[in-house]
Amino acid sequence: MNRYLSIFATFARACLVRDMTFRANFLLECVTSMGWMSMNLAFYLLIFTFTPEIGRDTGWTREPFFAFVATGLIINSIVQALFMPSAEELTEMVRTGGLDGVLVQPLDPQFLLSMHRIDFSSFANGLVGVGLLGWALGRMAHVPSPVAWLLYPLLILCGVAILYSLIIMLAAATILLGRNQSLYDFWFYLTNFSRYPAEIYAGPWGGPIRMLCTFVIPILLVVNVPARAISQPLTGQAWGMIAAALIAAVVALVVSRIVFQAAIMRYRSASS
Amino acid sequence: MHNSSGSESAPAPTITVANLAKDYRVYDKPEGLRASITSLFHRPSRLVEALRGVSLSVARGEFVALLGPNGAGKTTFLKLLSGIITPSRGTAHVLGYVPWERANDFRRRFALVMGQRNQLWWDLPAAESFRLHKEIYRIDTPRFERTRDELVDLLGVRKLILQPVRELSLGERMKLELVAALLHEPEVLFLDEPTIGLDVVAQHTLHTFLSHIQAERQMTVILTTHYMKDVAALCKRAVVITGGSILYDGSLEQIVDRFTTHKVVTLDLEGTPEPSQMDRFGFPYEIRGPQVKLRIDRQRIADVLPEILRSQQIRDVSVEDVPLEEIVAELFRVGADRQAAEVRP
């Protein structure tokens, strides 16, 4: 474990050195992603000029909803910084045979493939998310309990684990197909569902989507569960969702591991 | 599977391969829009036998050249031995391990260098990649520093290790790739066309380096290359592979003895000869002014040479074997003919 942490630290150091080599690019990436996020926040503020709450009696009034958005920002910034850059590189590595170099090294290939590139500029959004969370919680009538404060980081980790497992399964598909340029698109379509409170998926169309995105691909548990735990009282239903998020994270990690191992055994390599 | 029990009489070979085969299913992409749409539902495919039941054994400290035309199965063979891909049939053991089981203990003991692939961090100095290598291979600091310094000094690249890799020439990059690959002192080294695209000076430097380091460490090395200079400078044993099968496995000298029937005699004469004058000695395949190159049957050489010396005004003479390139090219042709005959109904 210590060795993996030490290797991760070496990756992080090298990526930081590289980012600092191209400082203008690094700053531009920070500014671009924060600009995109500011536009989203302005859009949500606009919505709340028309309605006091998202859905009737859902509890997602303005401040809790911004706590939800902040939680999403924190989770997504961790995933975007730690795992997504490596996953985006994988398609090219499989197509050109660059994966060969990974497989001969005495390390877990899943670790090497999913964490060898770190995008520090993505942490900028996470920092804004932390600030936004503080602002929202400071203005809410509801005060999170000590249990909620303890659960919040754990549930954030569960959300990250679910998204990470999804990335690993998409990576496995890339290895099996030899080329999977739609990886990032597919990721975007799926994670789009996790950006909004689960309560909006109701009615004859929303109901099945909610079931699918909770129990089959548990994407709706990623942000909803930690956001609800920190911004609303921990009721009986909330505990059920917390248990579901914990189970979903463990199952997703195990399943993605199995799928990845199977894919790596079927790797064909590319022509030299 | 790790075979810990060694033989008492003779050391176990470092690499043993038996009937190793690799098949690929490749999908044909038909031409034209209509055919492309049809191929969305049904794609014609065929089985390609990249390797067809190869067997060989390599002892510790051997430097073996793996020769063959493009697509012969050389790189597939190296990828199987390094555990990158899994075989369709057959067995292989490297240092007692089954490569495609990818045991970490096995992967710590070998290295693979591919001349056409860059394994160093592109935007960073090689020193950063070396540092990562130290962590991955668990090399303790004194050993890492000693080995790194020895390797960079041998290759004369000390000044380059702090320069971003993307700014280096191909030859400089390949030297640093070799340093990275050898930092953990592997017992087995697989080299896939390490001199491809390098100039003669860089090739010579790599030959000297590899020859020295292999002898010093008693490393087992398998080298694939298209340059016969690499083979002549480094290897005593050659394995010729064509169409996925081994055509020849033996010493370099034996290749010459077994596959050539003649020698090349180069004469530097006082005047320009007529080809008809030379015909009686052998086949004059090149006449440039007073310089003549003759192919003469090996059996006749002892009789013909005195006759040439007696009958011609000669300034200089040399007798050589047929160049290795020509012999190997002929072997490749034999292999291709044999393969074509197998395919023919």
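Calculate the all-directions average of the projected area of segment A:80-214's alpha-carbon convex hull, and give it in nm².
11.0
Cα centroid distance between segment A:208-263 and segment A:137-157, in Å?
Using only Cα atoms, the two centres lie 18 Å from each other.
Set the Förster distance to 30 Å, then compute FRET efficiency between B:THR91 and B:SER251 from the Cβ-Cβ distance, nearest 0.05.
Between B:THR91 and B:SER251 the formula returns 0.70.
Report, ordered by chain and residue number, the aspartates and glutamates lying within cross-link reach of B:LYS236, taken as a straight Cα distance under 17 Å and ignoring same-chain residues fewer than 8 apart.
List returned: B:GLU62, B:GLU216, B:ASP249, B:GLU253, B:ASP257, B:ASP321, B:GLU325.
Using only the alpha carbons of segment A:142-215, determine the length spanned along each of the three principal axes and report them from longest to shortest in whole angstroms.
50, 33, 17
What share of all Cα pairs of segment A:9-137, in percent, falls into each consecutive 5 Å distance bin?
Histogram of Cα-Cα distances, whole percents per bin: 2, 10, 15, 17, 15, 12, 10, 8, 6, 4, 1, 0.
Once you place label points 7 Å from the Cα toward the Cβ at B:ARG34 and A:PHE188, how far apart are they in nm?
Computed distance between label sites B:ARG34 and A:PHE188 equals 3.6 nm.
How much of the calculated P(r) for chain A lies past 31 Å, in percent of all Cα pairs?
30
Under a point spin-label approximation (7 Å from Cα along Cα-to-Cβ), what is the A:LEU154-A:SER6 distance to one decimal in nm?
So the two model labels end up 3.2 nm from each other.
Beyond 21 Å, what share of the Cα-Cα pairs of segment B:31-117 remains, rounded to the nearest whole percent?
Summing the P(r) of segment B:31-117 above 21 Å gives 47 percent of all pairs.
Against the empirical 2.2 N^0.38 Å scaling, what ratio does the C-alpha Rg of chain B come to?
Cα Rg divided by the expected 2.2 N^0.38 Å: 1.21.
Do the sum for chain B: with -39,500 (n - 2.57) for every DSSP H run of n ≥ 4, divided by all residues, what is the mean residue ellipticity at 222 nm, to the nearest 500 deg cm²/dmol?
-11000 deg cm²/dmol, from helical runs alone.
Kyte-Doolittle mean at least -1.0 and Cα extent at least 20 Å along the axis: which DSSP H helices of chain A qualify?
Qualifying helices, which must be both long enough and hydrophobic enough, are A:2-21, A:23-47, A:62-82, A:123-139, A:146-177, A:236-265.
What FRET efficiency comes out for A:VAL143 versus B:LEU170 if R0 is 51 angstrom and r is the Cβ-Cβ distance? Round to the nearest 0.05.
0.20
Hey, how many Å between the Cα centroid of segment B:280-310 and the Cα centroid of segment B:121-154?
A separation of 55 Å, based on Cα centres.
Once fully extended, how much extra length lies between B:ARG333 and B:ARG146, figured as 0.36 nm per residue of separation less the alpha-carbon to alpha-carbon distance?
Length difference between fully extended and current span is 62.6 nm.
For segment B:261-321, what is the convex hull volume of its Cα atoms per residue in Å³?
So the per-residue Cα hull volume is 70 Å³.
Which whole number in µm²/s is D for the protein assembly as shown by Stokes-Einstein, with the Kirkwood Rh taken over Cα pairs at 20 °C and 1.002 mPa s?
After rounding, the answer is 74 µm²/s.
Roughly how many whole Å is it from the C-alpha centroid of segment B:65-99 to that of segment A:2-72?
Rounded to whole Å, the Cα centres lie 47 Å apart.
Under 16 Å between alpha carbons, and skipping anything fewer than 8 positions from B:LYS263 in its own chain: which lysines qualify?
Partners within reach: B:LYS293.
So what's the back-of-envelope 222 nm ellipticity for chain A, counting only DSSP H runs of four-plus at -39500 (n - 2.57) apiece and dividing by all residues, rounded to 500?
Here the helix-only value at 222 nm equals -25000 deg cm²/dmol.
Say the cut-off is 19 Å between C-alpha atoms; which of B:LYS22/B:LYS79; B:LYS79/B:LYS134; B:LYS22/B:LYS74 go over it?
Correct reply: B:LYS79/B:LYS134.
So how far apart, in nm, are the two label points at A:LEU176 and B:ASN104 if each is 7 Å from Cα heading toward Cβ?
Placing both labels 7 Å beyond Cα along the Cβ direction yields 2.8 nm.
Each reported figure results from applying straightforward, stated rules to the coordinates on display, with no laboratory input. Since we're looking at a predicted model, the values are computed, not measured. Quick reminder, even Gly has a Cβ in these numbers, built from the backbone with ideal geometry, and neighbours come from all protein chains shown.
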